[in-house]
1. Checking Val106 against (1) more than 16 Å from Glu151 (Cα to Cα); (2) surrounded by 11 or more Cβ atoms within 10 Å (Cβ to Cβ): exactly one of these is not met. Which one?
2. Count, please, the residues in the range 274-304 that happen to be surrounded by 19 or more Cβ atoms within 10 Å (Cβ to Cβ) and among the hydrophobic types (A, V, I, L, M, F, W, C).
3. Hey, among Lys195, Lys186, Lys252, which residue is of a type in the set (Lys, Arg) and touching a strand residue (DSSP E or B) at 6+ places or on another chain (Cβ under 6 Å)?
4. Could you check the range 321-346 and list, in sequence order, the residues that are surrounded by fewer than 10 Cβ atoms within 10 Å (Cβ to Cβ) and either polar (S, T, N, Q) or within 42 Å of the chain's Cα centre (by Cα) (or both)?
5. Kindly indicate whether Ala78 is at pLDDT 95 or above, in a strand (DSSP E or B) and surrounded by 21 or more Cβ atoms within 10 Å (Cβ to Cβ).
6. Outside any loop (DSSP other than H, G, I, E, B), in contact with a Phe, Trp or Tyr (Cβ under 9 Å, 6 or more places away or on another chain) and either free of Cβ contacts under 8 Å to residues at least 12 places away in the same chain or not charged (D, E, K, R) (or both): does that describe Val12?
7. Between a residue in the range 110-131 that is assigned by TED's automatic domain parsing to the domain that holds Ile59 and any residue that is among the hydroxyl-bearing types (Ser, Thr, Tyr) and surrounded by 14 or more Cβ atoms within 10 Å (Cβ to Cβ), which pairs come within a Cβ distance under 6 Å, given they are 6 or more apart or on different chains?
8. Filter the strands (runs of 3 or more DSSP E) completely within the range 197-267 down to those with at least 1 residues that are β-branched (Val, Ile, Thr) and crowded, with 19+ Cβ neighbours inside 10 Å.
Amino acid sequence: MKVALAQINTTVGDLEGNVQRIEQSMDRATSRGAHVVVFPELAVTGYPPQDLLFEKEFIRMNIQSLKMMTRRRRKTVAVIGFVDLESNRLFNSAAVIAYGRNLGVVHKTLLPTYDIFDEARYFSPGTKREIRPISIQAEGKEINLGVEICEDLWDKAYDVKVTDVLAARGADMIVNLSASPFYAGKWSERLRILKRKAIRNGVPMFYANLVGGQDELVFDGGSLAVDCRGNLIAASKRFEEDLTIVEIDPAKGRGTRVSPPIRSQDQEMFDALVLGVRDYFRKTGFQRAVVAMSGGIDSSVSACIAVEALGNANVIGVWMPSRFSSQQGRIDVQTLAHNLGIFLIEFSIEGIVDAYHRSLE
């Protein structure tokens, strides 16, 4: 059985663009023989949609988008994050669709309200009674697919243990739709939790994480899969879109072990900054950046990040010397601009400095 982890870069509010990305990944997964394809949390709306959730038309269009994708009647089972509306209540949800039918909808049970999260402001939680696997067909066999959403995995501070409940109620495998923001060391932390859950419950787990920058947030992707023994059997790319196909024996819950990717902390922090800058510009419509350069380490690293994110043709350096600037600073700025291949503007701010001095005297 083949499971595809569709790690896509969505944009909050861009329903048309997000659906296009979803459908392209579904087509690619189908062409590569995937029986199931899993998308990140709230893939239809983008994450986090925040106060867009108060717009009734936005909710309606998001539901309509899901129905449109369902009508395509693809053979591959797709698990897609969207916003569900029931009895005037909103739910952070996942739909399981295939063959032109909606096989079931799962509501997120654990709603985080800490750090950058404020989901209880918008969503109602699913209940423990509702937690149960959804029956799907793969290679002519019936599979009980457990579906959970992001925080449902991070259950240490909660009474309900969603993963454990799904396994206890007959899940043959569990998929997690996630929008987990980056911080240094987060990938290893996710892997540890998945390993622990898989071993304790004896079921393979598939984790599809969002990738991309959204305002001040950066999602690093790095989707994962572990088999029932806790062995790593798939690891998607970091900081870029990816479609990872994982082969698993559903009867035994086992797959082929792979080695974890190696990336230094400095490298992953640099890659996160580049992705955040690139997507901020792309998603807001900006194209070019101006970087004030002093020759010091802060502005030099900022210029390097900007060039990596936008290309050197879209970055302009500005050197603004005064009587306090050193000749070495000038040399460092000119050397860096040359090495990066960016256009450098130089103009003196001596007159501005003198005006401040006269005013403040």
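1. So Val106 meets the others, but not (1).
2. Within the range 274-304, residues that are surrounded by 19 or more Cβ atoms within 10 Å (Cβ to Cβ) and among the hydrophobic types (A, V, I, L, M, F, W, C) number 7.
3. Values: Lys186 fails: touching a strand residue (DSSP E or B) at 6+ places or on another chain (Cβ under 6 Å); Lys252 fails: touching a strand residue (DSSP E or B) at 6+ places or on another chain (Cβ under 6 Å).
Within the list Lys195, Lys186, Lys252, the selection yields Lys195.
4. Restricting attention to the range 321-346, the residues satisfying the condition of being surrounded by fewer than 10 Cβ atoms within 10 Å (Cβ to Cβ) are 323-324, 327-328.
If the condition is that a residue be surrounded by fewer than 10 Cβ atoms within 10 Å (Cβ to Cβ) and either polar (S, T, N, Q) or within 42 Å of the chain's Cα centre (by Cα) (or both), then Gln327, Gln328 are the ones that fit.
5. On the way: at pLDDT 95 or above: yes; in a strand (DSSP E or B): yes; surrounded by 21 or more Cβ atoms within 10 Å (Cβ to Cβ): yes.
Considered against the rule, which asks whether it is at pLDDT 95 or above, in a strand (DSSP E or B) and surrounded by 21 or more Cβ atoms within 10 Å (Cβ to Cβ), Ala78 comes out as yes.
6. Details: outside any loop (DSSP other than H, G, I, E, B): no; in contact with a Phe, Trp or Tyr (Cβ under 9 Å, 6 or more places away or on another chain): yes; either free of Cβ contacts under 8 Å to residues at least 12 places away in the same chain or not charged (D, E, K, R) (or both): yes.
Spelling it out, it is not the case that Val12 is outside any loop (DSSP other than H, G, I, E, B), in contact with a Phe, Trp or Tyr (Cβ under 9 Å, 6 or more places away or on another chain) and either free of Cβ contacts under 8 Å to residues at least 12 places away in the same chain or not charged (D, E, K, R) (or both).
7. Filtered contacts from the range 110-131: Leu110/Tyr158; Pro125/Thr109; Gly126/Thr109.
8. Numbers: elements: 205-209, 211-214, 217-220, 224-226, 232-235, 242-249.
Fully inside the range 197-267 and qualifying: 211-214, 217-220, 224-226, 232-235, 242-249.
The values are calculated or read from the model by the stated rules, or taken from the named source; none is laboratory data. Keep in mind it's a predicted model, so treat the numbers as computed, not measured. Using ideal geometry, Cβ is built from the backbone for each residue, glycine included, and neighbour counts are taken over all protein chains shown.
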